[in-house]
């Protein structure tokens, strides 16, 4: 049950993380661009008078912001001005190379111009930078039409743009005004010839995509334009845009079909997982939960390691190995003694029964490779770092699992069937999750997406719940597990009764390996120190002094952490059209520094 829960939980975590972080941010400074408002006024000489209002919200401190305006070779940027708007206060930013606060530097390269605005920013600041300038030769006057092809929102931003509004404003009404938008397929374009305006809007515009506007209008609007080409061009533009619109519509249709297909497949796989779970027959004998059982005061008839396997229905952990060593100490086959390295307590494990290491490759390695053949310490073990030790531990785990199977506690066929069923359900749910992720990429409709997501969540819940139907335990295994869990309940509820009523300290020394294996040792050790304080300080008993510490200095915690380190166990999670028509301004954008 725990296996399937953890596997599904891991899968869901990956899916959620993928959804949440699907749009990465590349900026070093943590900030958002909440609003971009651009107005481009068309002048009779074919230039554009630009005003860009960019609103920033910072979650970090920064030195300032920058904006790049890329231009074609025959274009220039003139009459630049920069202002900053904070609340209702407007401040002029002075052009200077001094890098002082509230100054800006304008640099020019082959690709265009770069504004670098120095403005001290603190965490939580929100302000708007206003850039105004003129772009020459922005419009081409052809024989039969005038054309503006401008990537007005560039694709060189360090972050996405939450809200974008673009306005192209003409000197007056424009007859036969036509316009198209490219880039953000979810954006809208409104063309108003009577008012001589083109308005484009978009939300969550990707910083590496941008928005391009392509418009044609009569040459009389830009009658003073010197940027003239003596060719006809109107039909070419209209055919080009018709072709781009057709491709965009085909892409939308194809994306919609693919997204719908991904959701259908995801939904069918979720349904298959649900049907499989609901029709699964109950097999095997299921032991009772700890809370359903009475306390059991009798030491289990199985070893601490087998007790841990029965309780968890899983391979033994390093805690079980710790308990195994403690039981060997109870049997006088090894000796465990504390020692100090500076202020920290470690333990030396010495060999008493020389034949012991011949029956266990893991113990053989610990004594002969980590130690000197006679003993090893948890200090040496912590610094050992060996892949071979890891492999020997895995082999030891398999041997103990085989021991539990040979004792008749588990039905091997049922265990294999359960593992096969878990693997099948995980595969179905992973594939279903992949379908949902694909639908996210394909911008599928919200309603169909939500229906599939609900089916997916339902499939996970039903799969977890119906995972209880298959139990690998035999009748003997379930009965023994009930006794183990009853004993664990007694240990878990320690403090509600007098420990001496169960037995003297010598008996609790036999019980301690079980407390460690079953994961309740800290509670037991703490109570032992309270009720057997005088006896624990007697060095003549088997385990004494710091051994009974419930903190990091106690043997259980110290050996477990040292072994995990030595065996490397800790390192084993709308009006728009697609495409672009070649307008100037590509690569424009900005960020913070």
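Checking segment 284-302 against the condition returns no match, with no residue being over 26 Å from residue 470 (Cβ atoms), crowded, with 21+ Cβ neighbours inside 10 Å and touching a helix residue (DSSP H, G or I) at 6+ places or on another chain (Cβ under 7 Å). Checked against (1) out of contact with any helix residue (DSSP H, G or I) (no Cβ under 6 Å at 6 or more places or on another chain); (2) part of a helix (DSSP H, G or I); (3) surrounded by 14 or more Cβ atoms within 10 Å (Cβ to Cβ); (4) in the same structural domain as residue 303 (by TED's automatic domain parsing), residue 381 passes all but a single condition, namely (1).
Quick check: anything in segment 107-124 out of contact with any strand residue (DSSP E or B) (no Cβ under 7 Å at 6 or more places or on another chain) and under 30 Å from residue 251 (Cβ atoms)? Looking through segment 107-124, none of the residues is out of contact with any strand residue (DSSP E or B) (no Cβ under 7 Å at 6 or more places or on another chain) and under 30 Å from residue 251 (Cβ atoms).
Checking each residue in segment 203-213 for being part of a strand (DSSP E or B) and under 14 Å from residue 151 (Cα atoms) picks out 205, 211, 212, 213. When we screen 86, 91, 132, 103 for residues that are surrounded by fewer than 18 Cβ atoms within 10 Å (Cβ to Cβ), more than 30 Å from residue 228 (Cβ to Cβ) and over 36 Å from the mean Cα position of the chain (by Cα), the only hit is 91.
Residues considered: 74, 122. Of these, the only one that is within 30 Å of residue 234 (Cα to Cα), out of contact with any helix residue (DSSP H, G or I) (no Cβ under 9 Å at 6 or more places or on another chain) and surrounded by fewer than 14 Cβ atoms within 10 Å (Cβ to Cβ) is 74.
For residue 109, are the conditions met, namely being under 35 Å from the mean Cα position of the chain (by Cα), loosely packed, with under 14 Cβ neighbours inside 10 Å and at pLDDT below 90? For residue 109, the condition - under 35 Å from the mean Cα position of the chain (by Cα), loosely packed, with under 14 Cβ neighbours inside 10 Å and at pLDDT below 90 - is not met. For segment 399-415, the candidate set comprises residues that are exposed (fewer than 15 other Cβ atoms within 10 Å of the Cβ) and in contact with a helix residue (DSSP H, G or I) (Cβ under 7 Å, 6 or more places away or on another chain); within that set, the residue that is farthest from residue 475 (Cα to Cα) is 412. Annotation note: Cβ proximity below 6 Å between a residue of segment 223-241 that is under 20 Å from residue 174 (Cβ atoms) and a residue that is at pLDDT below 90 (sequence gap 6+ or interchain) occurs for 241/180. Test each condition in (1) under 12 Å from residue 148 (Cα atoms); (2) assigned to a loop (DSSP other than H, G, I, E, B) for residue 216 and report the one that comes out false. In the conditions (1) under 12 Å from residue 148 (Cα atoms); (2) assigned to a loop (DSSP other than H, G, I, E, B), residue 216 misses (2) alone. The helices (runs of 4 or more DSSP H) located wholly in segment 463-548 that include 1 or more residues which are modelled with pLDDT of 90 or more and surrounded by 18 or more Cβ atoms within 10 Å (Cβ to Cβ) occupy 475-492, 505-517.
The values are calculated or read from the model by the stated rules, or taken from the named source; none is laboratory data. Quick caveat, the model's predicted, so the values are computed rather than measured. Quick reminder, even Gly has a Cβ in these numbers, built from the backbone with ideal geometry, and neighbours come from all protein chains shown.
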